[in-house]
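Chemist: Mind looking over this structure? Questions follow.
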Amino acid sequence: MLTGKAKSTLHPDATEFIPAAMSALSAEPDTAPALAGELSDESIPSPELPPQPSLWPSDPLTTSLIPRGTLYRASGLNLGTPESHEQAIVTMSSGGQRGAKAPCPIPRPLRPNVGQRGRQITLRANFYRLNFPDIRISHYDVEVHPNELAQINRKVMEVWRRLPRDPTLSAIAAAAVYDGRKNLFMPREFPLAKQTTIRGKTRSEETFIIELPEEEVVEAMGCHPKTSGPQRYKLRLRKVSEIDMERLHRYLAGVTKEFPRETIMVLEVMLRHKPTALLESGGTGGGFYTSEGTTNIRGGLTIHPGWFQSIRPTAGQLLLNLDMSSTAFYQTGPLINVVARFFQRDSIDHVRWDNERDLHRLDKFLRDVSIEITYRATGRRRYKIRAITPKSAVHTYISVGKGTTMTYVSVQQYFKEHYNIRLQYPHLPCVSSGAQLDIIIPMELCVVRENQRHTGRLNERQAAEMVRITALLPRQRAGRIQHGKNIMHSDAAHLVAWGVTLESHMMEIPGRILPPPQLSFQPNKGIPPMIAGQVTTLPPEKNVCDTPECGTWKMEGPLKFAAGASLRFWSIAVFGDQRELPVETIQSFVLMLIQAMEDKGMTIYNQRPDIVYGPGRQEVAATLALAAERAVQSTEAALDVSGGLANPGNAQLVICIISQKHTIYSDIKRIAETEMGLMTQCAMSRQAMKLDAGYIGNLILKLNAKLGGVNVFLDPGKQLQCLGEPMSTMILGADVTHPPPGTVEGRSIAAVVASMDSRFCEYRASIRIQGARQEIITELCSMTCELLDLFYQRSKVYPKRVIFYRDGVSEGQFSEVAIQEIVALKKAMKDKGLEDAKVTFLVVNKRHHVRVFPKDEGQGAAGDPIMDKKGNVMPGTVVDSDICHPYEFDFYLTSHSGLQGTSKPAHYHVLYDENKFAADDLQELTYRLCYLYARSSRSVSIVPPAYYAHLVAARARCHAASAAHGVSGCEDKKRPRKRIGVLEIARVSDDLQKKMYFT
């Protein structure tokens, strides 16, 4: 270990990356635990609560913005009638001023009824019924001294549980469950010897002296203690409360108004007890992972399989939700091997160290990884990597000695003189540790410890590998879930001690399969074609129609786009070397593309668009400008200008062929869409070179939508009768994207899209930036007004009915969203004089662990299929009972046919409903909208407006100023230590804002 300062090699800002929580691991060996003085008891302890379960959003304890005294309806509380919703809406006072009136809560609608439409089926869901007794649980505060590590706490508590004592007390202690921090629970009271009065309240407590073997302390601390032999700790237990489990039964039965959250907390800790001892915990969440059956992926990572569990209260019963879960861990073993795999090399000998960008990537990858040194067996042996030195062991120097005797030696020389180790790889950089980065260790003398989660974002290839590894078919996934249940909850004695029973098999629930809609395509022969961008409609019988099978349809034979766009002024820009992307191949690709567009009803005037080559990222603007210029100068395009173009002097489209999306895609979109007002479509060169018809078919779906065409639609009169009374309707979708992990100074981006036509095929977008990781859309009112004006310009009327699908909101944020965003939405309506417009507001969420499986295989009683070819439930499968909220209006909808693995249903939760939808109508509307996603010929997993909002927010990050991707706060500009997030975004040009540029 080198403890001197590294000369001219340490990064001045690196100390900013050292978490305070790691201070214990940064201590020198002489600060190891020893028996200290008496424990303090100045006040009644406030135990730190363990990780809270994912509860229903109506739980009073999850709604921090709700004033005290608020009445809830959804949790069995009296909220008044649904008609009181409008009275509950108030204009929010200015941001948090003292004395400002607190916003009123917005009551959520009750489930109007259980849906009846569709074919009735029986499903299995990954839930297990959980039964528990009406007992009083003793809650104890735990304090271990001296110690700061949860690993030590658990070892101390385990020894305490096994202390010799009276058999009755031994049985009570054996049933104790501990959360690793401050909370201990027992199903029966454990008598404590001492009575202490604190702030007028008498508490029983007792202090125990616990000894741990030295080797266990070394294993947990990563260093040898100051004194050898068994290590002594003080364990103080203090009883703080009793938790009555009968309150949970009363809540589930709808008798009580108060949600007893602490009872769920007790059961969560109890059910985590055995998994925590057997498996690697996933931190503060409900995940547990095993090192058995791991699979290595590129980049020095490995996938650990595991399980996720949480408790869900439903109507009259408590359920354990158990699902398969996998996550990425660092590969273990010699650090140089992990580094070689990070760079996709077989050996460290094949890694080049002359690229400073690669060195920065490695620094980011290894930061906070725990290592163990191999060059000594005594003293501290575990460290956390804080940085990578920019120079090798030969050229990294440390100070040795003090005062006048201090000299500087290289790391290579130091280890030769002090440890008699001749470094085999002196050209490698070293790792730095310690709060001041003053501990320098050669890479080859480090081993990456096991079971370390990788919390960074996976790149595209890693994510694809992970999906391939974890995408199990339904039968396999269900079997793995059952296997996890058997592993994690097979301790019958532990459950018996608590009086808890857990059903052995997944529960069976009722479900329904909604019929697919009939899709309308181009008019029949002899009927004038629909004009892209115009509000013309044709009688339904005049259109070619088709009914999808299993959520898919093929654009073959007579099926053509409902409204084919026309393309006249366009060109091809190739970003790459002409030797690798020969012009002959590009021409073949263009010819196939033109043929496919014309086959589907598009009109292509210029059959020979110009092809220009650009040198790469440095010349994006110049290449796009040249391509746009060539597009309007084309002789063939200028032969006939009778196509009705608004401005024949502007390029309509430039198709950009690129080799790597992450290097140039953002630059193309930012320059084209914000600086030039130019529509672009990127195509990957490896796909274009294949001349694959399937890829080209997907490409033209996007092109037709971008150019103002309509691919497919639903006849409102026949297929959307679920909307009820005919009236002008606008459907909106919203999402917020946040800066990626490790980003500093970044901003979140909010995106809202809205439909512009009666067929819900054309959408326009509005974008804003807001505070980092702020989920609430702060400028929703102005964004909605902007979209309402566009709707009026398009349709000459304002909408009388508004349906809002909000993506990306967790259950714990439902109340805050309801208070702020619905108020903003209503204010926008009022500002436009639309007080009578009725609003329905839903949250759509796919970040959950609910899965449903067909109970039986094959076909239903009437011979209709109940599963697709892969064993997934059929598209249109909806569940709105048993596993749903006991009172509120929500449902799970599987609207797509999964391409791989097990399909995940989308969870829709209605937070506000002035339109008073019946369950059947809202479920059918939501399902049918999923067939109108312009980029696909399949139904999608969430409604298109929510999908589009996500695309718009992601595209807005491409529009960030180039400075946002640069360097800040670093002396070495070539090797940034920080990733600067989006600070501002450029505005999309006015012309493109009137088109679906984001498809």
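Chemist: Quick query: amide H of Gly876 versus all other amide H atoms, modeled in the peptide plane; which residues come in under 5 Å with a sequence gap of 5 or more or a different chain?
Modeler: Distant-sequence amide H within range of Gly876: Thr894, Ser895, His896.
Chemist: Contour minus end-to-end for Tyr695 and Glu372, with contour as 0.36 nm per residue of separation and end-to-end as the Cα-Cα distance?
Modeler: That pair, Tyr695 and Glu372, stretches by 111.4 nm at full extension.
Chemist: Grab the other residues whose beta carbon is less than 9 angstrom from that of Ala173, score K and R as +1, D and E as -1, and report the net.
Modeler: Summing Lys/Arg as +1 and Asp/Glu as -1 gives +3.
Chemist: Which residue, Ile385, Ile336, Cys430, has the largest displacement toward the positive end of the dipole of region 333-449 when charges sit on each Cβ (Lys, Arg +1; Asp, Glu -1)?
Modeler: Ile385
Chemist: How are the C-alpha pair distances of region 714-824 spread across 10 Å bins, as whole percents from the shortest bin up?
Modeler: All Cα pairs, binned at 10 Å, distribute as 13, 40, 30, 13, 3, 0 percent.
Chemist: Which ³J(HN,Hα) values in Hz, rounded to whole numbers, follow from the phi angles of region 355-371 under the Karplus curve 6.51 cos²θ - 1.76 cosθ + 1.60, where θ = phi - 60° and Gly and Pro get x?
Modeler: Here the 3J(HN,Hα) series is 9, 6, 5, 5, 5, 5, 4, 5, 4, 5, 5, 8, 4, 6, 6, 8, 10 Hz.
Chemist: Under the definition of Cα pairs under 8 Å and six or more residues apart, what whole-number percent is the relative contact order of region 333-449?
Modeler: 30
Chemist: A further question on this structure: Can you list the lysines whose alpha carbon sits under 17 Å from that of Lys718, skipping same-chain ones fewer than 8 residues off?
Modeler: Correct list for Lys718: Lys542.
Chemist: Give me the net charge for the shell around Arg247: Cβ to Cβ below 13 angstrom, other residues only, Lys and Arg +1, Asp and Glu -1.
Modeler: Working: positive: Arg136, Arg250, Lys257, Arg261; negative: Asp134, Glu242, Asp244, Glu246, Glu258, Glu262.
Net local charge, Arg247 excluded: -2.
Chemist: Test of understanding: what is the full-extension gain from Thr547 to Ile469, defined as 0.36 nm times their sequence separation minus their Cα-Cα distance?
Modeler: 24.7 nm
Chemist: Sort 243-250, 181-188 by the packing proxy (mean of other Cβ within 10 Å over each peptide's residues), most packed first. Provide the component values of the computation, followed by the final result.
Modeler: On the way: 243-250: 18.1, 181-188: 20.0.
Listed from highest to lowest mean packing, they are 181-188, 243-250.
Chemist: Right, another one. Please compute the contact order of region 648-795 in relative form: average sequence separation of alpha-carbon pairs under 8 Å and at least six residues apart, divided by the residue count, as a percent.
Modeler: Computed value for region 648-795: 15 percent relative contact order.
Chemist: Which of the lysines could a cross-linker bridge to Lys855, judged by Cα under 20 Å and excluding same-chain residues fewer than eight apart?
Modeler: Partners within reach: Lys485, Lys869, Lys870, Lys904.
Chemist: Using a 7 Å offset from the Cα along the Cα-to-Cβ direction at both Asp358 and Gln770, what is the distance between the two label points in nm, to one decimal?
Modeler: The modelled label-to-label distance comes out at 4.3 nm.
Chemist: Here's something else I'd like to know. Taking the Cα centre of region 839-904 as origin, sum charge times position over the Cβ atoms of Lys and Arg (+1) and Asp and Glu (-1), and report the length of that vector in debye to the nearest 20.
Modeler: For this selection, approximately 380 debye.
Chemist: Length gain on complete extension for the stretch Ala174 to Glu214, per 0.36 nm per residue less the alpha carbon to alpha carbon distance?
Modeler: Length gained between Ala174 and Glu214: 12.0 nm.
Chemist: Quick check: net charge around Gly300, other residues with Cβ under 15 Å of its Cβ, Lys/Arg +1 and Asp/Glu -1?
Modeler: Working: positive: Arg298, Arg341, Arg345, Arg361, Lys364, Arg367, Arg449, Arg453, Arg457, Arg461; negative: Asp346, Asp358, Asp363, Asp368, Glu450, Glu465.
Once all neighbours under 15 Å are counted, the net charge is +4.
Chemist: Something else: For region 721-963, just the Cα atoms, rotate onto the principal axes and tell me the three extents in Å, largest first.
Modeler: 55, 49, 36
Chemist: Now for a separate question. So if we plug the beta-carbon distance of Tyr792 and Ala986 into 1/(1 + (r/R0)^6) with R0 = 30 Å, what FRET efficiency do we get, rounded to 0.05?
Modeler: 0.70
Chemist: Along region 497-513, what does the Karplus equation 6.51 cos²θ - 1.76 cosθ + 1.60 (θ = phi - 60°) give for ³J(HN,Hα), rounded to whole Hz, x for Gly and Pro?
Modeler: With coefficients 6.51, -1.76 and 1.60, one gets 4, 9, x, 9, 10, 10, 4, 7, 10, 4, 7, 9, 9, x, x, 9, 10 Hz.
Chemist: Could you work out how far the C-alpha centroid of region 747-761 sits from that of region 197-234, in angstrom?
Modeler: 58
Chemist: Also, quick follow-up: Starting from the Cα of Gln436, step 7 Å along the direction of its Cβ; do the same at Arg161; then give the gap between the two resulting points in nm.
Modeler: 4.3
Chemist: Using the Cα centre as the reference, give the magnitude of the dipole from point charges on the C-beta atoms of region 721-963 (Lys, Arg: +1; Asp, Glu: -1; all else neutral), rounded to the nearest 20 debye.
Modeler: Result for region 721-963 is approximately 840 debye, rounded to the nearest 20.
Chemist: Another question, if that's okay. Taking the dipole about the Cα centre of region 333-449, with the C-beta of Lys and Arg at +1 and of Asp and Glu at -1, give me whichever of Gly401, Ser370, Ile441 is farthest to the positive side.
Modeler: Ser370
Chemist: Shifting gears a bit: Among the listed pairs Lys155/Lys274; Lys364/Lys384; Lys201/Lys257; Lys554/Lys846, which are separated by more than 18 Å between their Cα atoms?
Modeler: Lys201/Lys257; Lys554/Lys846
Chemist: I need to check one value: relative contact order of region 846-908, counting alpha carbon pairs closer than 8 Å and at least 6 residues apart, in percent.
Modeler: 32
Chemist: If each of Asp346 and His505 carries a label point 7 Å out from its Cα toward its Cβ, how far apart are those two points in nm?
Modeler: Result for the modelled spin labels: 5.2 nm.
Chemist: Tell me, how many Å apart are the Cα centres for region 458-507 and for region 317-377?
Modeler: Using only Cα atoms to place each centre, the spacing works out to 26 Å.
Chemist: Using per-residue counts of other Cβ atoms within 10 Å, averaged over each peptide, order 695-702, 191-198, 788-795 from highest down.
Modeler: Ranked from most to least packed, the peptides come out as 695-702, 788-795, 191-198.
Chemist: OK, next. Where does the Debye-calculated log10 I(q)/I(0) of region 333-449 sit at q = 0.23 Å⁻¹, using only Cα point scatterers of equal weight, no solvent?
Modeler: The calculated log intensity ratios at q = 0.23 Å⁻¹ are -1.53.
Read-outs throughout are calculated quantities, based only on the coordinates presented, and are distinct from any laboratory measurement. The structure presented is a predicted model; accordingly, all values stated were derived computationally and were not measured. Don't worry about glycine lacking a Cβ; one is built from the backbone with ideal geometry, like all the others, and counts go over all protein chains shown.
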